[in-house]
Structures are given as structure tokens and as C-alpha cells.
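Peer 1: This structure is in C-alpha cells; I'll ask about it shortly.
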Amino acid sequence: MPWITKEQIAKAREIDLLSYLKTSEPNELIRDGPNRYVTKTHSSLVISNNKWIWNREQIAGHSALDYLVKVRNISFVEAVELLIGEHAISGRLYQEIKNPQPSPSKLRFYPPKPVRYPTRVLAYLQSRGISPEVIGRCLQAGILYESHYLNPASSYHNSAVCVFVGKDEHGEIRFANMRGINTDLKLDKTGSSKHFNFCIPAKKPHSRCLIVFESAIDALSHASLQQRKGWKWDGYRLSLGGSSPISLIAF
């Protein structure tokens, strides 16, 4: 069973609904007065003076967390994860951690350093059935490359990894998932933001089509099937890196 800490909950409760919607769902906001907003989906939901009330259902709250749970019916744990970009931990780990380290979101993010010749990534992905054309497209876009996992305290130290990159709207790398090429290593780089996960871009930048996958390999597999079968479809392929909707909402 997943757990979230008191610190994570407190951090999530600090985010008011108006700030959250302006950042994550700006199209939902409709100005209804100098300091008053309603939402497009729920016209009777009024936001004013850092509070909100859904008149139709007679539900009120202060924070974005209250809104996600009471109005959007998102589970409490998932709502906290969505707001602060940190994952809950298992009950076993929760009991074991006595001196928790700073959360990844507070640590500066440094993408893994790419190797010059990604020959092992090419061989690994082709062995998984990914077409060379799709691999080449991702390498050229800078969302896929080969690196080494560097952690002297780990048995995986210096092992070759396939890096799946997530970029923000400015093209800056904000997320990196490392998958072992000859090992079973699966790990997000410290400081990665789950808001920006691996995404294969559409050929037409303004495409409004999106397909969502659990993993980056799934997204690559779908692109390979299209390349081989000749489907006439263009859109984005987004990996959630699991089942959390954080990157989908951010997209």
C-alpha cells in the first residue's frame, strides 16, 4: 500500500486552486469578475479570495488538493503526487526510512552524459523489435541516447544504460529514465520531473492527436508498428512511466 508523508501533504495543501488551474489547466478558467473565476467544466464552481465553492453540489474548499479529491474524484495519494510531482512510497519502505534524504524535486537535475557512439542502444532496441527508423528518429530528436550508470555504491556502477528523455516546452531536458542494456536496472535520474516524461513528437507540431503508453518501450513499439504497416496517423506518443497521470495532465 502506498504512503505519503506529512511533509508531502503539507506541500500539496499550500497550492491554491487558482494557481493550479492557471499553471496546469488554464483553459478551464473563465473570469467572472475582478477577483472571481468560474470553471468551464463546472460553471457553478466559483473561485474567489483563495477559496472555492461548487454551488451545485454544495462542496467547498481552499486548496487545489481539495478540488482534485472532491470535484475531480482523484484519489488522495494520486492528487498529492500530481501536485508536487513526487511518488508515494511503499508501506515497507515507509517503515524503514528513518533519516529521509531530500526529495528528488529539491535536488538539481543533471541528465546522464551520452556516449559518443550508441551502438549498444541500437542493438538492444532492435533486439526488442524496435525499427531502426524509429530509433534513428528518436536519437536525432535527442530524446533517446546511450549512457553509463555512475554510482560506485551500486552493483550496477558503470553499466551501459538506455536513456529515455523528457523535455519541457522550451526543449530543455527535465526527465531521464535509465534502463539497463545488459542488466535489469530501471531507474529515473535523481531530480527528474515526472511532469515531463518520454514523448515521441508528432511530425506536424500542431497535431492534436495523442496516444498514451505505460512505458517508453511501448511507445517505441507502437511507432515501429506504424512504420512497418504504413498507418496514416500522426500524433504524439507519451509515456507515463507507470500509471500516474502527472505527465498526461502536464502535457
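The values are calculated or read from the model by the stated rules, or taken from the named source; none is laboratory data. Remember, it's a predicted structure, so these values are computed and weren't measured experimentally. Note that each Cβ is placed from the backbone with ideal geometry, even for glycine, and that neighbours are counted across all protein chains shown.
Peer 1: Looking only at segment 119-150, count every residue that is in a loop (DSSP other than H, G, I, E, B) and buried (at least 18 other Cβ atoms within 10 Å of the Cβ) and tell me the total. First the steps, then the outcome.
Peer 2: Start the filter on segment 119-150 by keeping residues that are in a loop (DSSP other than H, G, I, E, B), which leaves 128-131, 142-143, 150.
Okay, now just the ones that are also buried (at least 18 other Cβ atoms within 10 Å of the Cβ), so 130-131, 143.
Going through segment 119-150 one residue at a time, the tally reaches 3.
Peer 1: If you scan segment 226-247, which residues turn out to be of a type in the set (A, V, I, L, M) and within 14 Å of PRO201 (Cα to Cα)?
Peer 2: Pass one, segment 226-247, residues of a type in the set (A, V, I, L, M): 238, 240, 246.
Result: LEU238, single match.
Peer 1: Can you name every residue in segment 174-213 that is part of a strand (DSSP E or B) and either in the same structural domain as SER24 (by TED's automatic domain parsing) or closer than 22 Å to SER24 by Cα (or both)? Lay out the reasoning, then the answer.
Peer 2: Taking segment 174-213 first, the residues part of a strand (DSSP E or B) are 174-180, 186-188, 199-200, 210-213.
The answer is ARG174, PHE175, ALA176, CYS199, ILE200, LEU210, ILE211, VAL212, PHE213.
Peer 1: A further question on this structure: Find all pairs meeting these conditions: Cβ atoms under 6 angstrom apart; at least six residues apart or on different chains; first residue within segment 222-241 and modelled with pLDDT of 90 or more; second residue part of a loop (DSSP other than H, G, I, E, B) and buried (at least 20 other Cβ atoms within 10 Å of the Cβ).
Peer 2: Going by the 6 Å Cβ cut-off, the qualifying pairs are SER224/ILE130; SER239/ASN197; SER239/PHE198.
Peer 1: Here is a follow-up. Looking only at residues that are out of contact with any helix residue (DSSP H, G or I) (no Cβ under 9 Å at 6 or more places or on another chain) and farther than 26 Å from ALA250 by Cβ in segment 49-80, which one is surrounded by the fewest Cβ atoms within 10 Å (Cβ to Cβ)?
Peer 2: Among those that are out of contact with any helix residue (DSSP H, G or I) (no Cβ under 9 Å at 6 or more places or on another chain) and farther than 26 Å from ALA250 by Cβ, it is GLN58.
Peer 1: Filter segment 222-251 for residues that are crowded, with 18+ Cβ neighbours inside 10 Å, part of a helix (DSSP H, G or I), out of contact with any strand residue (DSSP E or B) (no Cβ under 8 Å at 6 or more places or on another chain) and of a type outside the set (A, V, I, L, M, F, W, C) and give the result.
Peer 2: The one that is crowded, with 18+ Cβ neighbours inside 10 Å, part of a helix (DSSP H, G or I), out of contact with any strand residue (DSSP E or B) (no Cβ under 8 Å at 6 or more places or on another chain) and of a type outside the set (A, V, I, L, M, F, W, C): SER224.
Peer 1: Further, regarding this structure: Report those strands (runs of 3 or more DSSP E) wholly inside segment 4-118 carrying at least 2 residues which are at pLDDT 90 or above. If you could, list the steps in order and put the result at the bottom.
Peer 2: Values: elements: 29-33, 36-39, 45-48, 51-54, 59-61.
Strands (runs of 3 or more DSSP E) meeting the threshold: 36-39, 45-48, 51-54.
Peer 1: Scan segment 144-160 and give yes if some residue there is touching a residue at least 12 places away in the same chain (Cβ under 8 Å) and under 16 Å from PHE251 (Cβ atoms), otherwise no.
Peer 2: no
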